[in-house]
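Student: Sharing a structure below in structure tokens format, with a few things to ask.
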Amino acid sequence: MVRLTINGRVVQASEGEMLLSVIRRENIDVPAMCHHEAVEPFGACRLCVVEITRQEWDGWCDYVTSCLYPVADGLIVNTHAPKVNELRKTILDLFLARHPKCTEIIELAGEYGVTRTRYETVVDGDNCILCGLCARICDRMGFHAISTVGRGHGKEIAPPLRQAPPDCTGCLSCAMNCPTNFIEYKVKKGLLTIWDKKFELLTCNKCGKETITREFAVHLSEQRNIPPNYFDTCDACHRNELAAAMGRIAAWDREVQL
Amino acid sequence: MNHRFIVTPNLCTGCRTCELACSFTHAVDNVRGQTRIFPLDGGSKDLWIPVVCLQCDDAACVKSCLVDALRRNPGTGAIELNQEVCVKCMACVAACPFGCSLLDQQHNIVVKCDLCGGDPACAHFCPTKALQWLPIAPARARAAS
Amino acid sequence: MRLENIRQLKDLQKKYQAAEKRFQKKVLVCCGPGCLASGAQKISDQFKKVLKEKRIQGFSVEALKETGCHGFCEQGPLVIIEPEGTFYTKVKTKDVEEIIEKSVRHDETVTRLLYSPNGNGKKIKRYADIDFYRHQTRIALARLGKINQCDIKDYVADGGYQSLAKAITKMSGDEIIDEITKSGLRGRGGAGFSAGRKWATCKKIQSDIRYVICNGDEGDPGAFMDRAIMEGDPHAVLEGLAIAAYAVGSSRGYIYVREEYPLAVVNLQKAIEQAEQLGLLGDNILGSDFSFKISISRGAGAFVCGESSALMKSVAGEVGEPRAKYIRSVVKGLHDQPTVLNNVETLATVPVILDKGADWFCKTGTKKNTGTKAFSLVGKIRNTGLIEVAMGTTLRQIIYDIGGGIIDDRPFKAVQTGGPSGGCLPDSQLDLSVDFDSLTEAGSMMGSGGMIVMDDKTCMVDVAKYFLGFLVDESCGKCVPCREGLYQLHALTVKVSEGRATEADLEKMEKLSEMVIIGSLCGLGKSGPNPLLSTLRYFRDEYLAHIRDKRCPAGVCRELITYEINEKCTGCMACIAVCATHAITGKKGEIHILDQDKCTKCGACYAVCRYDAIDVS
Ligand SMILES: Cc1cc2nc3c(=O)[nH]c(=O)nc-3n(C[C@H](O)[C@H](O)[C@H](O)COP(=O)(O)O)c2cc1C
Ligand code: SF4
Ligand code: SF4
Ligand code: SF4
Ligand code: FES
């Protein structure tokens, strides 16, 4: 156990924890756009920046990203110091210049009082803030279907060779966790399309509802040893099946009692 | 796990109190959450079956989760879904043979029964004791009698 | 042959030295990057050819050395005759026979090929007497230009691997670390961190596996010190790395070489093989129980891969993106193991320190900045090339005494040190001592040793724009302050250079720079605004001229200059012929007329006019 001070309050945390999780546990609102607990902290968006100091630092302080700064005994943290707020505003302002049409950015920037960018608007700026979550989560799922390509201001997210990625199973984890909902996918006539790759969606053998893609289901059966027939039925019909089975026993019970 | 759900279908009146209790207990930002328990039609007249996660030992949901968001809480025995870790891939929803991993559409999150941390609200509020949360030993005793 | 102990190494040294002594003369052909570019290989081949035809008493092809960079690239190809130290410049193949005849067979000189400062006719025979060399102190570069590029015989004859032998057989790891710490050696890769302290930290960490890595990524535009060492004296790097490995307890080393340096890879590889054959690398070095293997890792062709955490990812085969270093790489580096990373020059200095002692090393340089530093001196300076000076030498000494002043005696304007992370210093700073601390205090950086000299025709806004543009492309693009912040800073400098900026924009630049510095993840972003901030600090007037008067005083910024035709025009029609937009009209023999609306300021007319009739303002 370590003891540290956050915004004047003394809090406890366990060794190895990152500052951001302690801050969140304390219900302090600190923005974080490139962080997800399923993957290692990354430190790209820099919004989770906080000011840290220590008694023995004699007034000197440092600015660190809380998502990957490990807690330590005696740390004094200020999540909304003037420089911290200024840096967050600057980042949101830079985002606003690059992603002028992104509603998630417009909203968050608004919360920090930034409504118009002071910088030059990037004309063809799309909504990808390059947080890398999609690619990192895809890696974590074990697929490695997409990654960042290029560097500098022209960096982007893409599948290898910009072609339909062979390793993608259409699990949609990238799209589901994109903080700006930038990743497009389409479901039409039993087909899911993402990253220019088409997938057949399994349908429930009882009600016809679409569930996950065949490729994802096959991956799960093969890699995780799940009986393939589990994927034949949707969740609602599975529950009905269970109710019916238990119902038969109960009805039999009733007869016996009568 | 030293407790189990004991379902006595013939006592269930289909009042759906369990569903309400669950939904309120799992509210998100003060908005009612998706219920994890479903009193369903048992196939005969006035026969209701409360269907809820059985916290399987070798659970399909746990096996299907590629990011380890589902873990058993050793204290309560419940398989808990860590919302922060879940990437909403729907694998567990598709894999559970009892349909007990669910999408909470309103909040766009995946949820499942967590036994309310050891005292399930559904059983707690069931007015007819059709659903009970009982220690295993007495249950055996009851079965023997 | 494998050497089993230090005795055998000493014997081998004696044998090689004796072999060298057979020759009365030595011919050194500089085959460094600069001289190779100006045709040194042909010169060397010609020497071999002519020598084959002529037999000369007391000389053989073995006494012809293809050496690493001698430094004075400006005057290449260079040929040096030892023992006299006769220094021939700009040698051509047709000169070779004459050199052999006069200087090798006899003791005469080919005066025509001697160096003459300022072209004033006065010839200097020995390189040691030339200002360019006279003011230098060479430690890391000492062997460059003296021995065959990668011949372990020459290296051993010159005392090579004796320091490693001494380390393994007579010293403990801690004793070596103490000696290096005492020498005050600071990292030559830029940050200037104490090498001894870095090693000590690494050694203290509990771990079975430790790595040592040599940083040969050298990404600063114009810098080539590390390249010269890796190509010209690769064994020094290997020896330094092996000593570091022994000191910290590592058995695995890597040399990360920039993608654009294929010759360095070849030479290092050759050197590794030679050393392994002699048992100076590999298992049970010199019969001891110290084993050490070195592999070469090819760079990924990105500037940011020189940054320690990005480099280690790249060595591990991942994308070279920096990670946050709240846990330092000495503690958790390559494959999450404790790792020492040192620059090429740092490591090449290590064997010398062990050989001559920390006290000897401390005699050169200043108290907190001991020893020497190599620089590649380029830009608008007379003597460009590779130099090494004692720490604490002033900028003035480097630029005027060694560099010979500005080309065409134009006024000095600024000197840029530290590459894209560094800054520009004006003439008021010419007496600044060149060392890590003074340069940082003055708003620049030591960096890895690029030094670009600029004259009054250089526009400082343009310089800032250039470096920011470089970084916008070279940033890894991971974190927002660097990726987007540098982009906007670059956009703002473009705005200034085009005369569209206001004074409020300068303030905006300074504010944003501060945020980029505190907000960025790695050193690239954290130092990226330096070129801008230093020029704003020392050359603010120039920015204001662009803003207030819409004028580029140096006449560089295209949008702000106008070309005008004056009365010297003879009506030769040359400019009309080259103007792509037909902005110039006029008849033969009559003064031409330039239509400002059509002019795109390409400068073609200025370039072709032989009558000085085009004014730039
Ligand atoms: C963007 C960036 C680029 C760098 N490039 C180089 C390089 O090309 N060569 C180098 O030796 N060090 C480079 N460094 C410094 C290294 O991170 C590291 O500090 C150095 O290699 C350590 O060796 P030293 O202590 O011997 O100087 C760079 C640092 C940054 C932030
Ligand atoms: S697509 Fe979305 S998740 Fe992927 S990097 Fe861009 S913003 Fe992040
Ligand atoms: S939906 Fe969430 S809990 Fe379920 S398998 Fe996917 S990541 Fe795991
Ligand atoms: S500061 Fe620049 S180079 Fe460094 S991690 Fe951030 S984006 Fe990449
Ligand atoms: S959440 Fe910490 S840097 Fe993005």
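Student: Expressed as a whole number of Å, what is the distance separating the alpha-carbon centroids of segment A:180-230 and segment C:1-75?
Tutor: 70 Å
Student: Now for a separate question. Got a number for carbon plus sulfur as a percent of segment C:461-548's accessible area, 1.4 Å probe?
Tutor: Carbon-and-sulfur percentage of accessible area, whole number: 51.
Student: What trypsin sites (Lys or Arg not before Pro) in segment C:361-429 are in a loop by DSSP, with at most 16 other Cβ atoms within 10 Å of the Cβ?
Tutor: C:363, C:367, C:368
Student: At a probe radius of 1.4 Å, figure out the B/A buried accessible area, summed over both chains, and give it in Å² to the nearest 100.
Tutor: Roughly 3100 Å².
Student: Ok, one more. Can you give the FRET efficiency to the nearest 0.05 for residue C:112 and residue C:537, using r as the Cβ-Cβ distance and R₀ = 60 Å?
Tutor: The calculated FRET efficiency here is 0.80.
Student: List the residues of segment A:91-107 whose accessible area drops by at least 50 Å² when all protein chains are present, compared with their chain alone, using a 1.4 Å probe and counting only protein heavy atoms.
Tutor: The answer is A:94.
Student: Please give the Cα centre distance for segment C:240-304 versus segment C:518-536, rounded to the nearest Å.
Tutor: Spelled out, the Cα-based centre of one part sits 33 Å from the other.
Student: Highest mean first, what order results for C:15-26, A:133-144 on Cβ atoms within 10 Å?
Tutor: Put in order of decreasing packing, that is A:133-144, C:15-26.
Student: Still on this structure, please answer the following. What pairs from C:204/C:293; C:465/C:588; C:153/C:368; A:101/B:63; A:198/C:478 go past 32 Å between their alpha carbons?
Tutor: Checking Cα-Cα distances, C:465/C:588; C:153/C:368; A:101/B:63 exceed 32 Å.
Student: If you don't mind, another one. Return the carbon/sulfur percentage of the accessible area of segment C:19-129, one whole number, probe 1.4 Å, all protein chains in place.
Tutor: Accessible surface attributable to carbon and sulfur in segment C:19-129 totals 48 percent.
Student: Ballpark to the nearest 100 Å², how much total accessible area do C and A bury together, probe 1.4 Å?
Tutor: 2800 Å²
Student: Kindly provide the helix-only [θ] at 222 nm of the protein assembly as shown, computed as the sum of -39,500 (n - 2.57) over DSSP H runs of four or more divided by all residues, to the nearest 500 deg cm²/dmol?
Tutor: After summing the helix terms and dividing by the residues of the protein assembly as shown, the value is -9500 deg cm²/dmol.
Student: Here is a further query. Any idea what the dipole of segment A:75-201 comes to, in debye rounded to 20, about its Cα centre with Lys/Arg Cβ at +1 and Asp/Glu Cβ at -1?
Tutor: 80 debye
Student: What pairs in C:182/C:270; C:380/C:508; C:15/C:42; A:155/C:526; C:166/C:203; C:25/C:270 have C-alpha atoms more than 22 Å from each other?
Tutor: Beyond 22 Å between Cα atoms: C:182/C:270; C:380/C:508; C:15/C:42; C:25/C:270.
Student: Could I ask something else about it? R0 = 22 Å: FRET efficiency of residue C:573 with residue C:457, Cβ-based, nearest 0.05?
Tutor: That gives a FRET efficiency of 0.20.
Student: Give me the percent of accessible area attributable to carbon and sulfur for segment A:36-102, probe 1.4 angstrom.
Tutor: Answer for segment A:36-102 is 49 percent, counting heavy atoms of protein chains only.
Student: Take every DSSP beta bridge with both residues inside the protein assembly as shown and express the antiparallel ones as a percent of the total, to the nearest 5.
Tutor: Of all bridge pairs located within the protein assembly as shown, approximately 75 percent are antiparallel.
Student: Let me know the charge dipole size of segment C:562-616 about its Cα centre in debye, to the nearest 20, where only the beta-carbon of Lys, Arg (+1) and Asp, Glu (-1) is charged.
Tutor: Its charge dipole is roughly 220 debye.
Student: Please compute the per residue accessible area over the protein assembly as shown with all protein chains in place, 1.4 Å probe, rounded to a whole number of Å².
Tutor: Normalised by residue count, the accessible surface of the protein assembly as shown is 43 Å².
Student: In addition: Give me the residues in segment C:461-480 whose solvent-accessible area, probe 1.4 Å, is reduced by at least 40 Å² once all protein chains are included instead of the chain isolated.
Tutor: The answer is C:478, C:480 - residues whose exposure falls by at least 40 Å² when every protein chain is included.
Student: Counting pairs of Cα atoms in the protein assembly as shown, how many percent are more than 45 Å apart?
Tutor: Within the protein assembly as shown, distances greater than 45 Å cover 48 percent of Cα pairs.
Student: Separate question: On a straight-distance basis, which lysines could pair with residue C:122 in a cross-link, Cα separation under 17 angstrom, same-chain partners fewer than 8 positions away excluded?
Tutor: Within the straight-line cut-off, residue C:122 pairs with C:90.
Student: Give me the residues in segment A:223-258 whose solvent-accessible area, probe 1.4 Å, is reduced by at least 40 Å² once all protein chains are included instead of the chain isolated.
Tutor: A:224, A:226, A:230, A:235, A:238, A:239, A:242, A:243, A:246, A:250, A:254
Student: Next question. About the Cα centre, and with charges only on the beta carbon of Lys, Arg (+1) and Asp, Glu (-1), how big is the dipole of chain B? Nearest 20 debye, please.
Tutor: Roughly 360 debye, rounded to the nearest 20.
Student: Can you run the Rg to Rh ratio on segment A:7-141? Use alpha carbon positions and the Kirkwood inverse-distance Rh.
Tutor: Answer for segment A:7-141: 1.00.
Student: Shifting gears a bit: Have a look at chain C and give its Rg and Dmax from the Cα atoms, expressed in angstrom.
Tutor: 26.7, 87
The values are calculated or read from the model by the stated rules, or taken from the named source; none is laboratory data. Model, not experiment: these values are computed from the prediction. FYI the Cβ positions are ideal-geometry reconstructions off the backbone, even for glycines, and counts take in every protein chain you see. The accessibility values were calculated without ligands, DNA or RNA, using every heavy atom of the protein model including side chains. Shrake-Rupley method; radii C 1.70, N 1.55, O 1.52, S 1.80 Å.
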